Amino acid sequence: MALKIGSAPDSWGVWFPEDPRQIPWSRCLDEIAEAGYEWTELGPYGYLPTDLTTLKHELGRRNLKACAAFAMAPMEESQRWVDLENQVLGAGELLAGLNATYLVLIDDLYSDPSTGELIAPRELNDEAWKHLIETAHKVARLADEKFGLQVVFHPHAETHVEFEPQIERFLDDTDPGEIKICLDIGHHAYRGGDPIAFMRKHHDRIPYLHLKSVDPRKQQEVQEQKIPFGEAVAGNVFCEPSEGSVDFGAFRDLLLELNYDGFAVVEQDMYPCDFDRPFPIAKRTRKYLSDIGLG
């Protein structure tokens, strides 16, 4: 197994290009490197410097390498294509210049992350689903043809591809030669799925992982009280891998069995958070993963 362990600004409470409740990007990069990570995602386009020369210098002086960035928009809404295209073009140019391989694609939330108010239907009708699939292929072709990037689609809580049947439908409806999957094992467990069984079944479509776990007691509260995703994250429903419901030992054993050689990016959702909180968690997580034989 040649697993490449990375981190992401998400583990430092970063969700948006700009937000005063988010840690300054320079401190985020400093702490990712100091915590012992070699690889990092770039986060939302515009959080880190968008000038390639500057970004290359800032990563290089910290001995960091880029593995991916993400683009996120309501993929079923044709009128939002320009926004998504701009994210793909901006992030794609940076990733290509940094010799990265992957672009993570995410459908936008159907709820407001701050208030929990529904801003779109929880489930798509057939016509909207068809448009989501078409958009995924459109992004994949753009990223490949212009930048040589592989798109990995991220099933995400409170989006239109979050539960296992929806993910299975997405896999059935997309071209495996064009679109792979970023399996977020924490989000998969958060929505009641079995990430280990799913990884075993679909590993040929999963070259990219997000590593996180879920506090089972808080997850039960979320389900029973229908707590919105943003509120659940702020309440620390996602926890350190050593403390949650995901069996990391069993997951490690599966990766060894599969001789998995992809990326595994630690991504512990914690927006918003105190600026001093992420770094100690990141150090403990890096040590825990190393101690159990993951990277």
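Nothing in this text is a laboratory measurement; each read-out follows from the coordinates by a stated rule. Predicted, not measured: the structure shown is a model, and the values here were computed from it. Neighbour counts run over all protein chains shown; Cβ positions are idealised from the backbone, glycine included.
Comparison of Leu183, Leu171 shows that the only residue that is in a strand (DSSP E or B), surrounded by 14 or more Cβ atoms within 10 Å (Cβ to Cβ) and among the hydrophobic types (A, V, I, L, M, F, W, C) is Leu183. Picking from residues in the stretch 220-234 that are in contact (Cβ under 8 Å) with a residue 40 or more places away in the chain and part of a loop (DSSP other than H, G, I, E, B), the one that is farthest from the chain's Cα centre (by Cα) is Ile227. For the stretch 245-258, the tally of residues that are touching a Pro at 6+ places or on another chain (Cβ under 7 Å) and part of a loop (DSSP other than H, G, I, E, B) stands at 2. Within the stretch 92-112, the set of residues being closer than 16 Å to Lys138 by Cα and in contact with a strand residue (DSSP E or B) (Cβ under 6 Å, 6 or more places away or on another chain) comprises Tyr102, Leu103, Val104, Leu105, Ile106. Of all residues in the stretch 100-127, those being surrounded by fewer than 18 Cβ atoms within 10 Å (Cβ to Cβ) and not in a loop (DSSP other than H, G, I, E, B) number 3. Out of everything in the stretch 239-265 that is within 20 Å of Ala8 (Cα to Cα) and small (Gly, Ala, Ser), what residue ends up being surrounded by the fewest Cβ atoms within 10 Å (Cβ to Cβ)? Across the stretch 239-265, the extreme among qualifying residues is Ser242.
For the stretch 206-219, the set of residues classified as surrounded by 16 or more Cβ atoms within 10 Å (Cβ to Cβ) and either free of Cβ contacts under 8 Å to residues at least 24 places away in the same chain or not aliphatic (A, V, I, L, M) (or both) consists of Pro207, Tyr208, His210, Lys212, Ser213, Asp215, Lys218, Gln219, listed by residue number. Selection of the stretch 179-205 for residues being of a type in the set (Lys, Arg) and touching a Leu at 6+ places or on another chain (Cβ under 7 Å) yields Arg200, Arg205. Among the residues making up the stretch 266-295, a single one is assigned to a helix (DSSP H, G or I), small (Gly, Ala, Ser) and buried (at least 19 other Cβ atoms within 10 Å of the Cβ): Ala282.
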